[in-house]
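See structure below.
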Protein chains: 2
Amino acid sequence: MTLPAEEAARLTPNAHMLGQQGSARALNTPALVLDLDLFDRNLSRMMAHCEASGLGLRPHAKTHKSIEIARRQLDAGAVGICVAKLGEAEVMGRGGIGSVLITSPVVKEDAIRRLIALNNDMPDLMVCVDNIDNAEELARAASPERGNARALKVLVDLDVGLHRTGIAPGEGAAKLAAFIAASPGLEFKGLQAYAGHLMHVADYAERRDKSLAAMKMLGDMRDMLLEQSISCDVLTGGGTGTWDIDPEAGVLTDLQAGSYLFMDTEYNAVSQKDGAAQAFETSLTIQTTVVSANTPGIATTDAGIKSMATDQKEFRIASGAPEGTAYFLFGDEQGGLLFSDKKESEGGEKHSLKPGAVLNLETPHCDPTVNLYECYHVVQNGTLVDIWPIDTRGRSA
Amino acid sequence: MTLPAEEAARLTPNAHMLGQQGSARALNTPALVLDLDLFDRNLSRMMAHCEASGLGLRPHAKTHKSIEIARRQLDAGAVGICVAKLGEAEVMGRGGIGSVLITSPVVKEDAIRRLIALNNDMPDLMVCVDNIDNAEELARAASPERGNARALKVLVDLDVGLHRTGIAPGEGAAKLAAFIAASPGLEFKGLQAYAGHLMHVADYAERRDKSLAAMKMLGDMRDMLLEQSISCDVLTGGGTGTWDIDPEAGVLTDLQAGSYLFMDTEYNAVSQKDGAAQAFETSLTIQTTVVSANTPGIATTDAGIKSMATDQKEFRIASGAPEGTAYFLFGDEQGGLLFSDKKESEGGEKHSLKPGAVLNLETPHCDPTVNLYECYHVVQNGTLVDIWPIDTRGRSA
């Protein structure tokens with residue numbers, strides 16, 4: 001889908017370059033650049049993997065925050081999408097994305113009002129709950145006596161070791177599920193279990209062992225509910241770090257991977273089964289330009305703290321700089337390049353780049369990097385071919 | 001100025017609470033909350049300080065990114081505003097802010113085209129230059145022969161030790177100034193010198209000594225130019241870290257402070273003259289809500305990596321949590337609270353907070369935190385009284 005020109009121009013000063021040959025290197029920067037061919041390969045690869053494994057794919061849209069990308073995922077065969085926050089679900093719903101799971105609890109009084117209003121408009125909305133007080137509040141707000149269009153579909157979020165959200169497996173979780181199943185305003189749909197603490201365990205074997213153990217906790221909880229005649233349609237969780245481990249566990253009905261579309265420095269650092277190469281390619285980069293180079297040995301770019309996630313400190317240059325160049329944050333608005341020495345055969349001095357030189361960085365951590373930008377600059381064969389808005393950017397409430 | 005209701009609702013789910021008593025604690029969160037009384041005090045204090053010191057105030061709008069706040073600064077007596085990037089200047093110009101200085105170089109071909117177009121619309125735009133190639137490109141693009149409405153006003157950016165942007169003081173800088181002064185398309189306005197590496201030097205005496213030395217470099221350069229009959233109308237620089245040192249240096253014509261309006265954990269940590277208290281108060285906070293609390297000793301909030309700057313790692317709770325509670329990042333979407341022990345007289349166990357509990361954090365670093373949000377929730381006496389858009393959010397290109 002192509003945006004109206006006026007809307008594209010509101011999102012980026014580069015909209016007028018659409019379709020111009022070679023425009024991918026002429027962009028006003030910093031710019032978030034998505035390589036369409038690599039993106040498509042990642043999209044297809046994960047879908048094919050899920051189909052072959054008998055798993056549904058419910059990709060997490062907290063990564064991409066884009067209606068266009070969600071639509072492409074659904075068109076490819078995804079069973080629905082996940083979002084982290086209610087504000088994202090509202091935007092996705094207005095954008096025509098029907099099947100949305102909110103993976104975090106919604107607790108505030110006004111937020112519960114918004115949730116019920118959204119559920120009245122969206123037949124296929126689901127939300128996670130991890131405590132009985134919250135479930136009671138949702139049950140009251142969603143009650144059919146209040147004239148609501150339908151029951152609110154609810155998953156119990158199970159804590160399988162991360163301790164961030166979720167209720168511990170056992171009697172408490174069973175009681176919570178039973179309460180939901182018995183509430184006229186609510187519809188019990190199943191369990192969520194996200195082992196976020198395991199996604200970036202660097203060693204494959206260790207990641208596999210721990211992940212299988214976490215999934216066993218989920219499977220045991222499912223069986224415990226079944227003994228009480230509560231069945232789970234949905235068992236959802238997993239991520240890009242466990243994409244090839246979750247099928248082996250045989251518990252999940254669907255996989256919540258998000259980062260596989262883009263990849264980033266964090267996920268590129270984790271090892272794969274049998275030492276294999278990464279199955280997914282780095283499709284998303286930050287394009288930046290050298291703006292100042294008056295001090296020998298260093299240069300200054302236009303991408304700093306406001307243009308990339310800084311929760312981890314490794315910044316990798318994907319292309320455009322001499323080998324051995326290091327990237328560092330040079331304040332809010334700028335980055336720095338620290339050049340390596342040239343070989344003696346090259347003259348023995350430091351490498352350098354002049355103002356105007358263009359380079360691309362891996363996103364250090366893709367989700368919070370995407371959340372800084374208004375749009376993706378979609379490129380193919382060196383040309384800017386599309387602008388995709390980051391529709392749920394900043395929708396954390 | 002009050003936003004149309006529809007526009008406010010596009011920015012925040014909290015717009016419908018405007019004017020409701022007590023609404024400041026009922027917000028959908030995370031939300032950026034600005035205390036109007038503290039903000040006004042900071043605004044007035046810096047303006048009064050500059051007036052008393054004979055300095056102009058040219059506040060840096062890279063901090064607040066808001067047309068409404070820029071307007072309030074100008075109404076209070078500021079001589080103009082600064083922005084870091086061209087994209088910010090475009091938005092400020094369209095918003096009716098007349099006097100804008102772009103503090104970073106504009107080097108890319110398409111960006112120079114945009115700059116000249118903007119200058120034709122804005123009589124009081126200025127830009128910084130730090131190398132001769134860039135100056136030549138600007139001179140060509142701004143040439144009166146191309147039908148431009150006016151010359152482009154240019155400052156030479158001087159490197160007084162940060163080595164990020166700027167040209168070293170001396171002959172090269174003098175040549176650059178002379179070239180600009182002699183170019184029909186350009187108008188030489190003076191010098192910028194920002195000692196960004198000194199702003200957060202924690203010790204006041206050390207900060208003062210180094211800052212006075214940096215300002216002496218600027219003064220010497222001014223004198224060198226004057227010997228060549230090139231005079232500087234504008235000598236701009238300084239910041240919140242040197243607000244009370246710059247008048248003593250007696251070099252700057254105007255002060256570029258930005259963070260003084262809001263303050264943050266970084267600036268709150270630097271010491272003041274004679275060990276005095278901070279002159280500026282923490283007017284800006286991140287409001288967040290506990291969303292999960294199933295694990296003893298910790299709780300989970302709704303403000304994580306996507307809701308605050310993470311370039312520094314100290315997260316301080318301003319209000320709403322028991323004494324001794326620590327805040328940590330719990331992933332992209334959530335924060336964590338680590339509770340301290342209760343006193344024995346209180347029962348000897350850990351403190352706790354339940355889902356729904358509201359707390360406010362200092363912004364760890366205000367500029368990149370503001371850049372994550374769509375708007376300020378302006379509060380007074382516990383009530384949400386206004387919504388101010390963050391107009392130049394994400395305008396880094």
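If the requirement is being small (G, A, S), farther than 30 Å from A:I132 by Cα, open to solvent by less than 10 Å² (accessible area, probe 1.4 Å) and touching a helix residue (DSSP H, G or I) at 6+ places or on another chain (Cβ under 6 Å), which of these qualifies: B:A214, B:A309? Don't jump to the end; show me each part of the working.
Working: B:A214 fails: touching a helix residue (DSSP H, G or I) at 6+ places or on another chain (Cβ under 6 Å).
Within the list B:A214, B:A309, the selection yields B:A309.
If I ask for residues that are touching a residue at least 24 places away in the same chain (Cβ under 8 Å), within 14 Å of chain B (Cβ to nearest Cβ) and of a type outside the set (D, E), which ones from segment A:82-94 would you list? I'd like the intermediate steps shown before the answer.
In the first step, residues of segment A:82-94 are kept if they are touching a residue at least 24 places away in the same chain (Cβ under 8 Å); the result is A:82-93.
Going one step further and asking which of them are within 14 Å of chain B (Cβ to nearest Cβ), we end up with A:82-91, A:93.
Listed by number, the residues that qualify are A:C82, A:V83, A:A84, A:K85, A:L86, A:G87, A:A89, A:V91, A:G93.
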Scanning segment B:235-257 for residues that are of a type in the set (A, V, I, L, M) and open to solvent by 10 Å² or more (accessible area, probe 1.4 Å), the one farthest from B:S319 (Cα to Cα) turns out to be B:V251
I'd like to know if segment A:1-18 contains one or more residues that are part of a loop (DSSP other than H, G, I, E, B) and open to solvent by less than 10 Å² (accessible area, probe 1.4 Å). yes
Subset of segment B:136-191 [within 11 Å of another protein chain (Cβ to nearest Cβ), out of contact with any Asp or Glu (no Cβ under 7 Å at 6 or more places or on another chain) and closer than 24 Å to B:G238 by Cα]: B:L158, B:D159, B:G161, B:L162, B:H163, B:R164, B:G172, B:A173, B:L176
Step by step: first the residues of segment A:16-27, then only those that are touching a Leu at 6+ places or on another chain (Cβ under 8 Å) and within 11 Å of another protein chain (Cβ to nearest Cβ), then the one that is farthest from A:A309 (Cα to Cα). Which residue is that? A:Q20
I'd like the full set of residues that are of a type in the set (A, V, I, L, M, F, W, C) and either open to solvent by 40 Å² or more (accessible area, probe 1.4 Å) or away from chain B (no Cβ under 14 Å) (or both), limited to segment A:28-40. A:L34, A:L36, A:L38, A:F39
Among the residues of segment A:96-110, how many are open to solvent by less than 20 Å² (accessible area, probe 1.4 Å), touching a Lys or Arg at 6+ places or on another chain (Cβ under 9 Å) and not β-branched (V, I, T)? 3
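Rundown of residues vs (1) charged (D, E, K, R); (2) surrounded by fewer than 20 Cβ atoms within 10 Å (Cβ to Cβ); (3) closer than 15 Å to B:I102 by Cα, yes/no style:
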| position | (1), (2), (3) |
| --- | --- |
| B:N42 | no, no, no |
| B:A52 | no, yes, no |
| B:R58 | yes, no, yes |
| B:I67 | no, no, no |
| B:A76 | no, yes, no |
| B:A84 | no, no, yes |
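Take segment A:331-357 and flag every residue that is out of contact with any strand residue (DSSP E or B) (no Cβ under 8 Å at 6 or more places or on another chain) and polar (S, T, N, Q). Before the answer, list the steps.
The first filter runs over segment A:331-357 and keeps only residues out of contact with any strand residue (DSSP E or B) (no Cβ under 8 Å at 6 or more places or on another chain), leaving A:331-333, A:343-347.
Correct list: A:S345 only.
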Log entry, pairs with first residue in segment B:107-130 being among the hydroxyl-bearing types (S, T, Y), second being open to solvent by 10 Å² or more (accessible area, probe 1.4 Å), beta carbons closer than 7 Å, six or more apart or on different chains, reads none
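Consider B:R114 carefully, then state whether it is surrounded by fewer than 17 Cβ atoms within 10 Å (Cβ to Cβ) and either outside the structural domain of B:H197 (by TED's automatic domain parsing) or not acidic (D, E) (or both). Full working, then the answer.
Details: surrounded by fewer than 17 Cβ atoms within 10 Å (Cβ to Cβ): no; either outside the structural domain of B:H197 (by TED's automatic domain parsing) or not acidic (D, E) (or both): yes.
It is false that B:R114 is surrounded by fewer than 17 Cβ atoms within 10 Å (Cβ to Cβ) and either outside the structural domain of B:H197 (by TED's automatic domain parsing) or not acidic (D, E) (or both).
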Condition set open to solvent by 10 Å² or more (accessible area, probe 1.4 Å) and farther than 13 Å from B:L27 by Cα, scope segment B:354-367, selection nearest to the chain's Cα centre (by Cα): answer is B:H365
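Please verify whether A:G336 is out of contact with any Lys or Arg (no Cβ under 6 Å at 6 or more places or on another chain) and either in the same structural domain as A:L284 (by TED's automatic domain parsing) or surrounded by fewer than 22 Cβ atoms within 10 Å (Cβ to Cβ) (or both), treating the condition exactly as stated. First the steps, then the outcome.
Values: out of contact with any Lys or Arg (no Cβ under 6 Å at 6 or more places or on another chain): yes; either in the same structural domain as A:L284 (by TED's automatic domain parsing) or surrounded by fewer than 22 Cβ atoms within 10 Å (Cβ to Cβ) (or both): yes.
Answer is yes for this residue.
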Scanning segment B:184-198 residue by residue, those at negative phi and either surrounded by 22 or more Cβ atoms within 10 Å (Cβ to Cβ) or in a strand (DSSP E or B) (or both) turn out to be B:L186, B:E187, B:F188, B:K189, B:L191, B:Q192, B:A193, B:Y194, B:A195, B:L198
Being aromatic (F, W, Y), open to solvent by less than 30 Å² (accessible area, probe 1.4 Å) and either part of a loop (DSSP other than H, G, I, E, B) or modelled with pLDDT of 95 or more (or both) is the requirement here; does A:Y260 meet it? yes
If A:V290 satisfies every condition in (1) closer than 21 Å to B:I305 by Cβ; (2) within 14 Å of chain B (Cβ to nearest Cβ); (3) in contact with a Leu (Cβ under 6 Å, 6 or more places away or on another chain) but one, which is the exception? (1)
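Given the criterion within 10 Å of chain B (Cβ to nearest Cβ) and more than 19 Å from A:E374 (Cβ to Cβ), identify the matching residue among A:V79, A:V107.
Numbers: A:V79 fails: within 10 Å of chain B (Cβ to nearest Cβ).
None of the others qualify; the one that does is A:V107.
The values are calculated or read from the model by the stated rules, or taken from the named source; none is laboratory data. Source: prediction; values computed, not measured. Glycine also receives a Cβ, built like all others from the backbone with ideal geometry; neighbour counts cover every protein chain displayed. All accessible areas refer to the heavy atoms of the entire protein, side chains included, with ligands and DNA or RNA removed. Shrake-Rupley method; radii C 1.70, N 1.55, O 1.52, S 1.80 Å.
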